[in-house]
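One structure below.
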Amino acid sequence: MTRRSSSVTIRDVARHAAVSVATVSRFINQNAPVSQEVAERIQQVMLDLNYKPHAAARQLATRRTLTVGLVLHNMHTDFFAPLLSGIEAVVSEYNYNLLVATYDYKAYPHRPLPIGPHNTDGLLGYADCINEEQLTDLCRIKFPVVLIHRTAPPQLRVPFVTVENKAATRKIISHLIEEHGRRSIVFLRGPKEQEDSRWREQGYRDALDSHGIPFNPDLMLYGEFDQHIAYQNIKKLIARNGVHFDAIFTGDDDAAVGTLKALKEAGVRVPEDVAVVGFDDSRLSSFLNPPLTTVQAPTEMVGRTAARLLFNLLQEQPAEPATLLPTQIILRRSCGCIYGAAEQ
C-alpha cells in the first residue's frame with residue numbers, strides 16, 4: 001500500500017528494503033558505494049512509499065540540493081556540446097549545479113535511474129533515456145521533469161522541447177530533387193525508437209511522394225546518428241550494388257562524416273556523382289570536405305529552453321507543455337550549391 005510521503009521516514013525505507021538506515025543514507029547522498037542490487041531495491045521502495053528525501057525543499061531552500069540533472073544516452077558526438085552549453089548557461093543563472101549521467105535502460109533494464117529525487121531537485125531527460133514507467137513514477141511523486149527531443153506520453157503532463165523535423169526534411173529532400181535533379185536518394189535512419197528519426201523518415205517519404213518518386217526500401221539504411229555505423233553501411237551498400245544512387249540524406253551530421261569517408265574511399269565524387277545532406281548543422285559541418293548542406297537545428301536554444309522550463313517547475317510557475325523550435329536549411333557545396341547560402 002502506498003503511504004503519504006509526509007508520513008514516511010528514512011527508517012521506513014530502510015525497514016522495507018531490509019537494509020540499515022546508514023545504507024539508505026549512503027544511497028540518497030551518493031557519498032559511499034552501494035551495490036546495484038541494493039540500490040535497485042532502495043529506489044523501488046522509495047517509489048512505492050512515495051518517499052521524497054527533499055520533499056521539504058519545495059519550501060525550505062536550505063534543504064535543497066541546488067542541483068538539477070541531465071540524463072543522456074552518451075556524450076560521444078559533437079551534437080551534445082551546444083545542448084550542454086545552453087543548459088549550463090541557464091543553470092548558472094540560478095546558481096545551481098548540473099549533474100550529468102549517461103543511462104540506457106534498454107541495455108540495463110534493472111539498473112535504476114542514476115539521477116532523480118535522491119540527488120537532484122529536477123531532471124532533464126534526453127530522447128528516450130527514461131522509459132514510460134519511470135516517468136510515471138516521477139510524475140506520481142510530483143518530481144519536476146522536462147523532456148528534450150521527445151514528446152510526453154499523452155497521459156502524463158510533462159513539458160517537452162524539440163525541433164521541427166518533418167517539414168525541414170521534406171524541404172531538403174525536395175531541394176535535392178528540384179534543384180539538382182536527384183531521384184535515387186538514400187536515407188540513413190536514426191535509432192528507431194527516437195522521435196527525431198521517425199519524423200525525419202516521414203519527411204523523406206512525403207517528399208518522394210509529392211514528387212512522384214516511388215519509395216525504394218533498398219535505399220533505406222540504418223545510420224543510427226553514428227559516423228561509424230553510417231560508414232560501414234554505406235560501404236556495404238556500394239559493395240553489394242555499386243553506386244546506383246545519386247544522393248544521400250544522412251539523417252544527422254555525425255552520420256554524414258562516416259558517409260563522406262565511405263564515398264571517398266570508393267572513389268565517388270561529392271557532389272558531382274552523389275549529393276550528400278545532413279541534419280543539425282553541427283560545428284564541424286562547414287569544415288567537412290566538401291562543406292555540408294544541412295538543416296540548422298537550434299540545439300543550444302533547445303537546451304536553454306528546457307532548462308528554463310525546469311526552473312519554472314522548481315519555482316512552481318507555469319511551464320509551456322510543448323515547445324517546437326524552428327529549423328532552416330543551410331546550403332553548402334555537398335549538394336551542389338554555392339557555399340554559404342541559406343534557404344529560409
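The values are calculated or read from the model by the stated rules, or taken from the named source; none is laboratory data. Worth saying up front: this structure is predicted, and the values here are computed from it rather than measured. Don't worry about glycine lacking a Cβ; one is built from the backbone with ideal geometry, like all the others, and counts go over all protein chains shown. The accessibility values were calculated without ligands, DNA or RNA, using every heavy atom of the protein model including side chains. Shrake-Rupley method; radii C 1.70, N 1.55, O 1.52, S 1.80 Å.
Structural remarks
- In the stretch 116-138, the residues that are open to solvent by 10 Å² or more (accessible area, probe 1.4 Å) and among the hydroxyl-bearing types (Ser, Thr, Tyr): Tyr126, Thr136
- So Val243, is it modelled with pLDDT of 95 or more, under 27 Å from His73 (Cβ atoms) and outside any helix (DSSP H, G or I): no
- Scan of the stretch 16-31 for residues that are touching a helix residue (DSSP H, G or I) at 6+ places or on another chain (Cβ under 9 Å) and either surrounded by fewer than 18 Cβ atoms within 10 Å (Cβ to Cβ) or not in a loop (DSSP other than H, G, I, E, B) (or both), ordered by number: His16, Ala17, Ala18, Ser20, Val21, Ala22, Thr23, Val24, Ser25, Phe27, Ile28, Asn31
- Cross-chain or 6+ apart pairs with Cβ under 8 Å, the stretch 300-325 first and open to solvent by 90 Å² or more (accessible area, probe 1.4 Å), then modelled with pLDDT of 95 or more and assigned to a strand (DSSP E or B): Met301/Leu325; Leu324/Thr162; Leu324/Val163
- Tabulated pairs, the stretch 225-250, first among the small types (Gly, Ala, Ser), second part of a helix (DSSP H, G or I), C-beta under 6 angstrom, 6+ apart or interchain: Ala230/Ala255; Ala230/Gly258; Ala230/Thr259; Ala247/Leu176
- Yes/no for Ser285 being over 23 Å from Thr67 (Cβ atoms), of a type in the set (Ser, Thr, Tyr), open to solvent by less than 30 Å² (accessible area, probe 1.4 Å) and over 25 Å from the mean Cα position of the chain (by Cα): no
- Residues that are on the phi > 0 side of the Ramachandran plot and either buried (at least 17 other Cβ atoms within 10 Å of the Cβ) or of a type in the set (Asp, Glu) (or both) within the stretch 82-115 are absent altogether.
For every residue, the table says whether it meets (1) open to solvent by 30 Å² or more (accessible area, probe 1.4 Å); (2) charged (D, E, K, R).
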site	(1), (2)
Asp226	yes, yes
Asn241	yes, no
Phe249	no, no
Ala256	no, no
Thr259	no, no
Leu263	no, no
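- All conditions in (1) surrounded by 14 or more Cβ atoms within 10 Å (Cβ to Cβ); (2) modelled with pLDDT of 80 or more hold for Val34, with the sole exception of (2).
- Tyr96 being more than 22 Å from Phe311 (Cα to Cα) and hydroxyl-bearing (Ser, Thr, Tyr): no
- Residue match in the stretch 206-221 (condition: closer than 17 Å to Ala275 by Cα and not hydrophobic (A, V, I, L, M, F, W, C)): no
- Scanning the stretch 166-223 for residues that are open to solvent by 70 Å² or more (accessible area, probe 1.4 Å), in contact with a helix residue (DSSP H, G or I) (Cβ under 7 Å, 6 or more places away or on another chain), free of Cβ contacts under 8 Å to residues at least 40 places away in the same chain and closer than 14 Å to Phe245 by Cα yields one hit, Phe215.
- Asn50 being assigned to a loop (DSSP other than H, G, I, E, B), more than 30 Å from Ile229 (Cβ to Cβ) and modelled with pLDDT of 90 or more: no
- Close pairs from the stretch 99-121: first closer than 12 Å to Phe27 by Cα and in contact (Cβ under 8 Å) with a residue 60 or more places away in the chain, partner open to solvent by 60 Å² or more (accessible area, probe 1.4 Å) and in a loop (DSSP other than H, G, I, E, B), Cβ under 9 Å, at least 6 apart: His118/Gln30; Asn119/Gln30
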